[in-house]
Amino acid sequence: MRTKNSEYYKLLEDFIDDYIESNDRSPSRREIAAGTGMSLANVSRYLSYMRDEGMIDFDGTRNIITHKQQKKNDKTLEAPVLGTIACGAPVYAEQNVEEYVRLPASWFGHGDYYLLRTKGDSMTGIGIDEGDLVFVRYQDHAEAGQVIVALVGEDEATLKRYYPDDETRMIRLHPENELMEDIYVEPSELRIQGIAVKVLKNIV
């Protein structure tokens, strides 16, 4: 029976952690062998040992998650940047994912999030300017007064405050700009795509 060298455990774990920090991905087994000086056969064998002993999460291919990476992932959440949202008249919202970013979980709590770039000046009254990144929590309902991503019709999206209007039985989308008027939408024509929770902006 082959003996196990405990020093290899630390060598492999340290190399994997350092590699992920530098490259934002797990190393391949060949990259681990080249970086540690171990043989490819030993790398494969010790990765299996470490997986069996609960030291790493390893799917047998390339994705390796160490305890350090797991703790890091538990404290953050991943959110896609999904293009542009209108702060003005509704415009088409591009849903192509530009990139993914990691966010501190302590800032946002549980839930699924995405980010949208803003266009227009209808929400400047609450500090949302053109070019800002708005953090949005996915949900299909809202309370009166919340800032929502509203999908109007098939593909027109806008960022506005949400107010159900009992008198007209319509939804009032309120811009935070005193020079602009409210938009009234039939409930059947509106879908809520999420609630805006935070804004990231450049300081010039």
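No value in this document is a laboratory result; all are computed from the given coordinates. Because the structure is a prediction, the values reported are computed rather than measured. Virtual Cβ from ideal backbone geometry, glycine too; neighbours counted across all protein chains shown.
Checking every one of the trypsin sites (Lys or Arg not before Pro) in region 1-56 against DSSP loop status and a limit of 16 other Cβ atoms within 10 Å picks out 2, 4, 25. Here the translational diffusion coefficient of region 109-202 follows from Stokes-Einstein with Rh set to the Kirkwood radius across Cα pairs; for 20 °C and 1.002 mPa s it amounts to 159 µm²/s. Show that you can apply the helix-only estimate: for the chain, add -39,500 (n - 2.57) for every DSSP H stretch of four or more residues, divide by all residues, and state [θ] at 222 nm to the nearest 500. So the helix-based figure for the chain works out to -7500 deg cm²/dmol. Counting only Cβ charges, +1 for Lys and Arg and -1 for Asp and Glu, the dipole size of region 115-186 around its Cα centre is about 260 debye.
Annotation for region 109-204: trypsin sites (Lys or Arg not before Pro) lying in DSSP loop with at most 16 further Cβ atoms inside 10 Å of their Cβ are 169, 201. Across the options 145, 135, 101, the greatest Cα extent toward the positive end of the charge dipole of the chain (unit charges at beta carbon of Lys, Arg, Asp, Glu) belongs to 101. Scanning residues 5 or more positions from residue 130 or on other chains, those with amide H under 5 Å from its amide H are 120, with H placed 1.01 Å from N in the peptide plane. Only Cα pairs within less than 10 Å get springs; with that Gaussian network setup on the chain, which residue of 162, 46, 138 has the largest fluctuation? The residue that fluctuates most here is 46. Here, the chain has an Rg and a Dmax of 24.0, 81 Å when only alpha carbons are counted.
Based on C-alpha pairs under 8 angstrom that are at least 6 apart in sequence, the chain has a relative contact order of 15 percent. Restricting region 161-204 to GluC sites (Glu not before Pro) that sit in a DSSP loop and have at most 13 other Cβ atoms within 10 Å of their own Cβ leaves 167, 178, 181. Amide hydrogen proximity for residue 170: with H placed 1.01 Å from N in the peptide plane, the residues at 5 or more positions away or on another chain lying under 5 Å are 165. Cross-link partners for residue 4 among the aspartates and glutamates, with Cα-Cα distance under 20 Å and sequence neighbours closer than 8 places in the same chain left out: 13, 14, 52, 53, 57. Rounded to the nearest Hz, the phi-derived 3J(HN,Hα) couplings of region 177-192 under the Karplus curve 6.51 cos²θ - 1.76 cosθ + 1.60 (θ = phi - 60°) are 8, 5, 8, 10, 9, 5, 10, 9, 10, 5, x, 5, 9, 10, 10, 8, where x marks glycine and proline. Between the amide H of residue 139 and those of 194, 195, distances stay under 5 Å, these residues lying 5 or more places away or on another chain, with hydrogens modeled in the peptide plane.
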